[in-house]
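Remarks on the structure that follows.
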Amino acid sequence: MALIERYQKTTEITYWEGEIPLNYIYTVGRAGERFFREIMENGRIIGARCDNCKKTYVPPRIYCEDCFARLESNYVEVSTQGTVHTYTVCYRAMDGSPHEKPSIIAMVRLDGADGGLIHFLGEVEPEEVQIGMRVEAVFKEKGEREGSIFDIKYFRPIK
C-alpha cells in the first residue's frame, strides 16, 4: 500500500509490539546556549526582549512569538526573583518509586519577564507553598555548574 492510500478496513491494520531504539542529539539552539552559559558563568538569568511587543521572553527565543521580530541581539538580564504561578507536590519519582521527602515543582514567573521557569522549590515544606509566594533562585557554586537548568539548585522563599 502506498503512503497516500487510506485503509478501508481496520482489520487490515497491523502493529508491532516491542521497542524501537532511537539515537538522537538534542541541542538547545543559539538562544538556549546563551541562556545556559549566562547561568553557568555568571549566575544570572537572561531573556530576549522584543522592542515591538514590549515582551521579555524567558527562556530567550530567537524570534518574537507575536510579531516575529528577530530577538537574538536583544538579550537582557532579568531578575533571579519571581512569583510562584502554580505548583505541584510530587510524592513519587519518575520511575514510580516513592520519594523519601516530597518534591515541589513550580512554575516561577520571573520579575521583569513575561515568562518563567519550571523548577524545584526548596527550603520550604509543601504545606507552606502558596500561589503568589515570592521566591528567589539558589545557584550551585560556580565551580560546580555544568551549563544546565540544574545549575539553579531550586527556588526558595524570600524571607
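Here is how the numbers come out for the structure above:
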{"quantity": "Selection from the stretch 131-148 of residues that are more than 13 Å from Glu41 (Cα to Cα) and among the hydrophobic types (A, V, I, L, M, F, W, C)", "calculated": "Ile131, Met133, Val135, Ala137, Val138"}
{"quantity": "Hits in the stretch 80-106 (condition: among the aliphatic types (A, V, I, L, M), closer than 25 Å to Phe35 by Cβ and at pLDDT 95 or above)", "calculated": "Val84, Ile104, Ile105, Ala106"}
{"quantity": "Filter result (surrounded by 15 or more Cβ atoms within 10 Å (Cβ to Cβ) and closer than 18 Å to Gln81 by Cβ) within the stretch 27-48", "calculated": "Phe35, Glu38, Ile39, Gly43, Ile45, Ile46, Gly47"}
{"quantity": "Lone qualifier among Val58, Val108, Val78, Val89 - being of a type in the set (Val, Ile, Thr) and more than 28 Å from Thr27 (Cα to Cα)", "calculated": "Val89"}
{"quantity": "Near pairs, Cβ below 6 angstrom, 6+ apart or cross-chain, from the stretch 127-142 (more than 12 Å from Gly82 (Cβ to Cβ)) to any residue that is in a strand (DSSP E or B)", "calculated": "Val129/Tyr87; Val129/Ile104; Ile131/Val84; Val138/Lys153; Val138/Tyr154; Val138/Arg156; Phe139/Ile152; Lys140/Lys153"}
{"quantity": "Among the candidates Arg30, Arg6, Arg109, residue that is charged (D, E, K, R) and at pLDDT 95 or above", "calculated": "Arg109"}
{"quantity": "Residue match in the stretch 18-29 (condition: under 30 Å from Glu123 (Cα atoms), touching a helix residue (DSSP H, G or I) at 6+ places or on another chain (Cβ under 9 Å) and not in a strand (DSSP E or B))", "calculated": "yes"}
{"quantity": "Residues being within 19 Å of Glu65 (Cβ to Cβ) and without any contact (Cβ under 8 Å) to a residue 12 or more places away in the chain - total across the stretch 13-51", "calculated": "1"}
{"quantity": "Test: Arg156 is among the basic types (Lys, Arg) and in contact with a His (Cβ under 9 Å, 6 or more places away or on another chain)", "calculated": "no"}
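The values are calculated or read from the model by the stated rules, or taken from the named source; none is laboratory data. Keep in mind it's a predicted model, so treat the numbers as computed, not measured. Because the Cβ atoms are built from the backbone with ideal geometry, glycine has one as well, and the counts that use them run over all protein chains shown.
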